[in-house]
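The values are calculated or read from the model by the stated rules, or taken from the named source; none is laboratory data. Please read these numbers as outputs of a predicted model, since none were measured by experiment. Note: ideal-geometry Cβ built from the backbone for every residue, glycine included; neighbour counts use all protein chains shown. Only protein heavy atoms, including side chains, enter the accessible area calculation; ligands, DNA and RNA are left aside. Shrake-Rupley method; radii C 1.70, N 1.55, O 1.52, S 1.80 Å.
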Amino acid sequence: MAAHLAIDLENVAKTYKTPLRESIHALRGIDMKVHRGEVFGLLGPNGAGKSTLVKILMTVIRPSKCQGTVLGQPVGDKHTLMKVGYLPEHHSFPPYLTGRQLIEFFGAMNNIKRTDRKRRAGELLELVGMKDWGKKKLRSYSKGMRQRIGIAQALINDPDLVLLDEPTDGVDPVGRRDIRDILDRLRDEGKTVFVNSHILSELEQVCSRVAILVQGQVASQGTIDELTAGQERYEIELSPESSPILQAFAGKSAEITEHTLKLLSVEPRDVQPVIDQIRAKDGVILSIRRTRPSLEDLFMQAVVDPTTGETLAPGAARKSS
Amino acid sequence: MIIQTSALFLDAYRDLNSKKLFWITMALSLVCVASFAAFGINEEGMSIFGMDIPIPGLNSEVISKEVFYKGVFLNLGIGIWLTWIATVLALVSTAGIFPTLLTGGQIETMLSKPISRSRLFFTKFLTGLLFVALQVGVFCVASIIVIGIRSGAWMPEILISVPIVLVFYSYLFAVMTLIGILTRSTIASLLLTILFWFLLFMVNTADSILVQQHEAMKLRVVLIEERLVEAEQNAAALYISRQRADGNELPDGYEPTQEELDTANIFLPILRDQKADNEEFAKKLAPWRQGLYIFKTVLPKTQETIALLGRFVFSEEDMEAALRIGADDDDRSEVDDETGEVDVSSADMQRITTEAYNERSLLWILGTSLLFEAVILLIAGWLFARRDF
């Protein structure tokens, strides 16, 4: 048990049995470490097991196998949940409550005293930009507004660890930026944030570390730098008239796409001769960029079956027993 | 723990408060209570909406105002309104509590809080009883006030209705909770619970018929026996006097044989046959009655639970007075000497049936019913605690 880890999982598995005795392996031996104070992103295609994993951490689902800790306590320990906040993916809050009442209700469920939860509810309504809507019933809220209130309720207990399952689902671009700001603020306050999201560009902006889950297994895990190590390159973009020059570089540790030459090297020294050659042939260089794979590139690499080269089918692995 | 429990109850109240059906039921309850004020009793008979209606068998000479209003409260207020109509409305209102919790996207958030599943389950179950608790509470308090003002008879003892109706409803709500957890469907849990309630009603009806018939047979045997003893004494006296009149010497204290008695009263064999028939019929009914009693032991006793109100609210004197309602001097059980048939009066029938039900112990009525409820809730709670959501 490492004190610097907010989540430390080993060999977490979940198998469902269907009425026809078919086994559905939602999770197949997950090993995962989330450091305290970081924003951690969990991504994967539909049915990869992301929500199942989060639900196991939140005691909503019982694992078939599980070794690990959350905030230093065994997974499933109810008392630990006092220091954890959670926003489920497909939540539905009682429409008869106002935003403030909902936040206060979940505050009470966290055993927070009345005066504290009233004060905190006011602060959170302001944090999520819902101050003017606190006294209105949830039935009058848009999906984005309910999502903001959902995030507020997840923070009512001033948690050390926050798990957000698709937090920007249904939220407009302004709201998404606001949520990113909230995540940044939580990180600055030293909280650990665990985010499940399909929106890779958002995760890339806020997460310090990510894990990619495919068919119930961790395909890769680490910081963006770690995951893209060895995959950085230089891209030299030429004018359309100059693009025929690129054919001369085919097969020389380079990829050619229309007007762009991608050099599989991160050494500036390796790029200079190439520039000289292009210039020598009167080629017009529009731009030279140092790039690395995006999170989307990493994701796509992870969901491709290395043996067949085809994209893995979404969903969990099935096996008849 | 108290903070969480209070929050769950407050949430349940807010849920009820947002439902039109809750307020409609409350309004109808108050209309029902207000209607008590429309009824009155005086020396001549009843008064309805201020109009005096002379009724010889029902006036303040026969029963007191207090007993009259207790009867109105128990038979109309509890017997019809709260245990039938309001119960259906309560079932409709509360059928969705667990299915909505399980399927409506709330369960993940609830389970992610530091509260054990078993405590969450049992607290949610108790909050489901809030609908009935509030309805019955308001109904009883309003009834006490209205009846008190109308008649001057203040009857705080009818507050016992609150726990009794609550216990009665909890049997049904436990079943509805189990079905709700199994099916996760509001409609299925409502319909199957009403079906279960209907089955209980059928069992109770069969039980009532059996108890009534069996008790009536036993009463007939007793009445015929009494009549037979009296008739045989008369026949013996007649036989001896006739024999002596014919000059036959009979010793003092002579006891005529059955054949000799039958010559004095030709209807005695008929009485004996009727007594034997009734005894045989009562003997045949006994195992059926006992079997149904055993069967009912494992079921919730809805009928008997509500009937406990009568035991707690009515004294023996009140019961006697109530039985006199509408009865006159001719209304008594009689044995026809010629046919041996017994006409059991409605008052006697009521009395023997009530006595038979009163023999059923509190432990049997509440103990076994609550045991049934506990088993159902344990199964439901186990399923709730074990299930993945």
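In region A:37-60, comparing the full protein assembly with the chain on its own, the residues that lose 30 Å² or more of accessible surface at a 1.4 Å probe are A:K55, A:V60.
Of the Cα atoms belonging to region B:32-133, the radius of gyration and Dmax stand at 22.6, 68 Å.
Computed from protein heavy atoms with a 1.4 Å probe, the total accessible area buried between A and B is close to 2600 Å². Over region B:243-389, Cα pairs under 8 Å with separation of 6+ residues give a relative contact order of 28 percent.
Other protein chain C-beta atoms within 10 Å of residue C-beta, averaged over A:90-97: 5. Electrostatic tally near A:Y96: other residues with Cβ closer than 10 Å to its Cβ, Lys and Arg +1, Asp and Glu -1, net +2. Across the accessible surface of the protein assembly as shown, with the other protein chains kept in place and a 1.4 Å probe, carbon and sulfur atoms take up 57 percent. Using equal-weight Cα scatterers in the Debye expression, the normalised intensity of chain A in log10 at q = 0.08 Å⁻¹ is -0.48. Evaluated at q = 0.13, 0.14, 0.15, 0.21 Å⁻¹, the base-10 log of the normalised Debye intensity for region B:209-356, with identical point scatterers placed on the Cα atoms, takes the values -0.76, -0.83, -0.89, -1.25. Which of B:T263, B:T25, B:T183 moves most in a GNM of chain B, Cα contacts under 10 Å? The residue that fluctuates most here is B:T263. Set the Cα radius of gyration of chain B against 2.2 N^0.38 Å, with N its number of residues, and you get 1.34. When only alpha carbons of region B:110-257 are considered, Rg and Dmax amount to 31.4, 106 Å. Here region B:255-328 is assigned +1 on the Cβ of each Lys and Arg and -1 on the Cβ of each Asp and Glu. Its dipole about the Cα centre then comes out at about 740 debye.
Of A:C207, A:C66, the order by accessible heavy-atom surface (1.4 Å probe, DNA, RNA and ligands excluded), from most exposed downward, is A:C66, A:C207. Note that region A:124-237, at 37 °C in a medium of 0.692 mPa s, gets a Stokes-Einstein diffusion coefficient of 207 µm²/s from its Kirkwood radius over C-alpha pairs. Normalising the average separation of contacting C-alpha pairs (under 8 angstrom, six or more residues apart) by the number of residues puts the relative contact order of region B:2-182 at 27 percent.
Of A:T223, A:V171, B:Q303, which is farthest on the positive side of the dipole of the protein assembly as shown, counting Cα position, with +1 on Lys and Arg Cβ, -1 on Asp and Glu Cβ, and the Cα centre as origin? Positive-end residue among those listed: A:T223. With a Cα cut-off of under 15 Å and a minimum spacing of 8 residues unless on different chains, the lysine pairs in region B:209-356 number 5.
Computed over region B:118-275, relative contact order equals 15 percent, with contacts defined as Cα pairs under 8 Å that lie 6+ residues apart.
Estimated at the nearest 10 Å², the accessible area of B:I80 is 90 Å² with a 1.4 Å probe. In straight-distance terms, cross-link reach from A:K118 covers every one of the aspartates and glutamates whose alpha-carbon lies under 12 Å from its own, apart from those fewer than eight places away in the same chain; here that gives A:E104. Within the shell defined by Cβ-Cβ distances under 14 Å, the residues around B:I115 carry a net charge of +2, with Lys and Arg each +1 and Asp and Glu each -1. At a Förster distance of 22 Å, what's the computed FRET efficiency of B:S18 paired with A:H90, Cβ-Cβ distance as r, to 0.05? With R0 = 22 Å, the Cβ-Cβ based efficiency is 0.50. Peptide A:106-114 has a mean of 6 when you count, residue by residue, the C-beta atoms of other protein chains within 10 Å of its C-beta. In region B:209-356, a dipole from Cβ-located charges (positive for Lys and Arg, negative for Asp and Glu) runs towards its positive end, and of B:G291, B:L238, B:F281 it is B:G291 whose Cα lies farthest in that direction. Each of the peptides B:119-130, A:156-167, B:367-378 was scored by the mean count of other Cβ atoms within 10 Å over its residues; in descending order, highest first, they stand as A:156-167, B:119-130, B:367-378. The mean accessible area for residues of region B:1-159, using a 1.4 Å probe and ignoring ligands and nucleic acids, is 40 Å² per residue.
Across A:G47, A:G190, A:G309, mean-square fluctuation computed from a Gaussian network of chain A (C-alpha pairs under 10 Å connected) peaks at A:G309. Burial annotation for region B:360-389: residues with an accessible-area loss of at least 40 Å² between the isolated chain and the complete set of protein chains, computed on heavy atoms with a 1.4 Å probe, are B:D388, B:F389. To the nearest whole percent, what portion of all C-alpha pairs in region B:2-182 is separated by more than 24 angstrom? Value for region B:2-182: 47 percent of Cα pairs lie more than 24 Å apart. Ignoring everything but the protein chains, give the 1.4 Å probe accessible area of B:D273 in square angstrom, nearest 10. It works out to around 90 Å². Magnitude of the charge dipole for the protein assembly as shown, about its Cα centre and with charges confined to Cβ atoms of Lys, Arg (+1) and Asp, Glu (-1), is about 5060 debye. Taking all protein chains as they are arranged and a probe of 1.4 Å, the heavy atoms of B:F267 leave approximately 60 Å² accessible to solvent. A convex hull fitted around the alpha carbon atoms of region B:224-278 yields 67 Å³ per residue. Taking the alpha carbon gyration tensor of region B:293-389, multiplying each eigenvalue by 5 and rooting it gives semi-axes of 43, 16, 9 Å, largest first.
Divide the volume of the convex hull of the Cα atoms of the protein assembly as shown by its number of residues and quote the answer in cubic angstrom per residue.
Each residue corresponds to 237 Å³ of Cα convex hull volume.
Restricting attention to region A:85-215, close to 10% of DSSP beta bridges with both partner residues there are antiparallel. With a 10 Å cut-off around each Cβ of B:113-121, the average count of Cβ atoms from other chains is 4.
Could you tell me which helices of chain B pass both thresholds, a Cα extent of 20 Å or more along their own axis and a mean Kyte-Doolittle hydropathy of at least 1.6, with helices taken as whole DSSP H runs? Span-like helices, by this rule, are B:20-38, B:130-151, B:161-183, B:368-386. Think of the protein assembly as shown as a dipole: +1 on every Lys or Arg Cβ, -1 on every Asp or Glu Cβ, centred on the Cα centre; then among A:I56, B:M202, B:G105, A:I56 lies furthest on the positive end. Dipole size of chain B about its Cα centre, with +1 on Lys/Arg Cβ and -1 on Asp/Glu Cβ: approximately 3980 debye, rounded to the nearest 20.
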